[in-house]
Amino acid sequence: MPRGMEKLSKRLLFLGLVIYLSCGTAAAVTVKNFIDNTEGEVSSETISGLTYISLTELGSFLGTETSWDQLAKRLTLEKGDRFIQVTLFSPYVITADETFNLHYPAEFRNGSIYVPVAFFAPIIKEILPLESRWDRESQSLYLQSPDYNVKGLRITPKANGLLLEVLLTEALKYETIITEEGWLNLTVHGGILNNLIQEDFEKGEIVRDLKTYQFEAAAQLSFLVKKRMDHRISFKEKPPRILVSLWERGTGPGIFQEGVTWDKNKIDLVVIDPGHGGEDDGAVGRHSGLKEKEVVLDIAKRLAEKLEREGFEVILTRKDDTFLPLGERTQIANGAGADLFISIHANASPKRKPRGSETFFLAMAKNDEARAVAALENSAIRFEKPESYSEENLTSELDLILLDMVQNEYLRESSDLAELIQNQFKGRLRIPSRGIDQAGFYVLNRAYMPAVLVEVAFISNREEEKLLGQGKFRERVAEAICRGLVDFKRKYEGIP
Ligand SMILES: [Zn+2]
């Protein structure tokens, strides 16, 4: 209960001391300083339903100079040339730079000035380079360095899982490992943790525990994840954040559309995926021994150059002869927030006759031939190390039904893109066009954007093998794909 001004006297300090000694209800708040890892208690009182803390005790915990002006009834906390002045029974606080309003007056208790901590906490930074936060529930005042770049963790429950968002202040590189015990370790390179992430975390059914570690060159968040959950990690630019989607195995990731914002008005970033690579040669020509992995890499590089000239941003999933697991190819595209994904291949058949260009978009293979092409391209999975892909991840009909949901979102766009590219092939390649088709390509099924796979020609056909070996033909292929992408951009962005 506020006292009248008339009660204020020089005896106040003495009186306060008497009250303090006689009642002795010693409530306290915890002050936790993450900068030097110290923890202390500061006396508190509940006044008008608000938690007030002793300013003198807080000052001594913070290591500030504290002085009391008896005449002005004013307490000053000082650190160097910075100061905070609190006047008894006044809600106004004066610092070197400005005046703050605590909304509730400073009160006198137990021989000291008390201030409402919720309103006083944000003012502490006026004398010390730190960030403070009052947590009413745990009656704790947290102090930490404001220089973190891993600033928070947002957890959003989903119908079949959970979306974790690690909020950053800037784009940072990251990697993840799952341990046998079920810990999903997310390492953020160059990360400086906001310590409150740990403080704020609440255990749940899916993420059962969280441990955070600050290393010299990285920060780590370790989530203890419920058994039988699958995950997908991606990065989003605005605002910068790492998304970790967790879903019950077998329910598919298609439900996670948050953070996936394909914008038809902004088709700028294209991820080009040259098929195969490294130990996986792809198909090999019978006559010249031409390797699919080499042909498609060359076409991809030519295409990249052309697209850049058209104003696109381009990322290649591989720039040299290295092996890349199929799943990682779309992860690169998802992680970069690509607007389009295009995988480049050369077709092959056990028969020598089949020839022509063909463009696929992902769906269930609707005929046996399309299924055969898919089987051929999906076979790269056999080169992947067993630990990187579990049995469930291998392409099966069932798996495709679930994963289909991801691409379904962009089925219309993907089929449009396939058609526009194939139209260009028709006009420019001087080989037969086999049209567009749908098939269950593993490399496409986790792309969160319109995605197609082109089979530029048959390396198993003598004539086309010869063509694929020629720079001139590859150039024409790159030009055709480029024109197809430009057509697509025009169509969707509505530029005449
Ligand atoms: Zn291929």
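Points worth noting:
- Just one of the listed residues (84, 113) is crowded, with 18+ Cβ neighbours inside 10 Å, of a type outside the set (D, E, K, R) and under 18 Å from residue 130 (Cα atoms), namely 84.
- Residue list for the stretch 319-336, restricted to those being more than 16 Å from the ligand (Cβ to nearest atom) and either in a loop (DSSP other than H, G, I, E, B) or buried (at least 22 other Cβ atoms within 10 Å of the Cβ) (or both): 319, 320, 333, 334
- Within the stretch 56-99, being of a type in the set (A, V, I, L, M, F, W, C) and within 21 Å of residue 45 (Cβ to Cβ) holds for 58, 61, 62, 68, 75, 77, 84, 86, 88, 89, 93.
Matching residues to (1) surrounded by fewer than 23 Cβ atoms within 10 Å (Cβ to Cβ); (2) within 35 Å of the chain's Cα centre (by Cα):
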{"site": "456", "(1), (2)": "no, yes"}
{"site": "459", "(1), (2)": "no, no"}
{"site": "466", "(1), (2)": "yes, no"}
{"site": "485", "(1), (2)": "no, yes"}
{"site": "492", "(1), (2)": "yes, yes"}
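- In summary, residue 41 fulfils each of the numbered conditions (1) out of contact with any Leu (no Cβ under 9 Å at 6 or more places or on another chain); (2) part of a loop (DSSP other than H, G, I, E, B) with the single exception of condition (2).
- The stretch 261-318 - residue that is within 16 Å of the ligand (Cβ to nearest atom), surrounded by 22 or more Cβ atoms within 10 Å (Cβ to Cβ) and among the β-branched types (Val, Ile, Thr) and, of those, nearest to the chain's Cα centre (by Cα): 317
- Subset of the stretch 87-113 (residues that are closer than 22 Å to residue 27 by Cα and touching a residue at least 24 places away in the same chain (Cβ under 8 Å)): 88, 89, 104, 105, 106, 107, 108, 109, 110, 111, 112, 113
- Condition check for residue 357: hydroxyl-bearing (Ser, Thr, Tyr), at pLDDT 85 or above and either within 15 Å of the ligand (Cβ to nearest atom) or surrounded by 21 or more Cβ atoms within 10 Å (Cβ to Cβ) (or both): yes
- Subset of the stretch 293-318 (residues that are of a type in the set (Lys, Arg) and in a helix (DSSP H, G or I)): 293, 301, 302, 306, 309
- Strands (runs of 3 or more DSSP E) fully within the stretch 198-253 counting 2 or more residues that are without any contact (Cβ under 8 Å) to a residue 40 or more places away in the chain: 207-214, 218-225
- Counting only residues that are touching a Gly at 6+ places or on another chain (Cβ under 9 Å) and part of a strand (DSSP E or B), the stretch 456-483 holds 2 of them.
- Top-ranked residue of the stretch 337-354 - restricted to ones that are buried (at least 18 other Cβ atoms within 10 Å of the Cβ) and more than 16 Å from the ligand (Cβ to nearest atom), ranked as nearest to the chain's Cα centre (by Cα): 337
The values are calculated or read from the model by the stated rules, or taken from the named source; none is laboratory data. Because the structure is a prediction, the values reported are computed rather than measured. Using ideal geometry, Cβ is built from the backbone for each residue, glycine included, and neighbour counts are taken over all protein chains shown.
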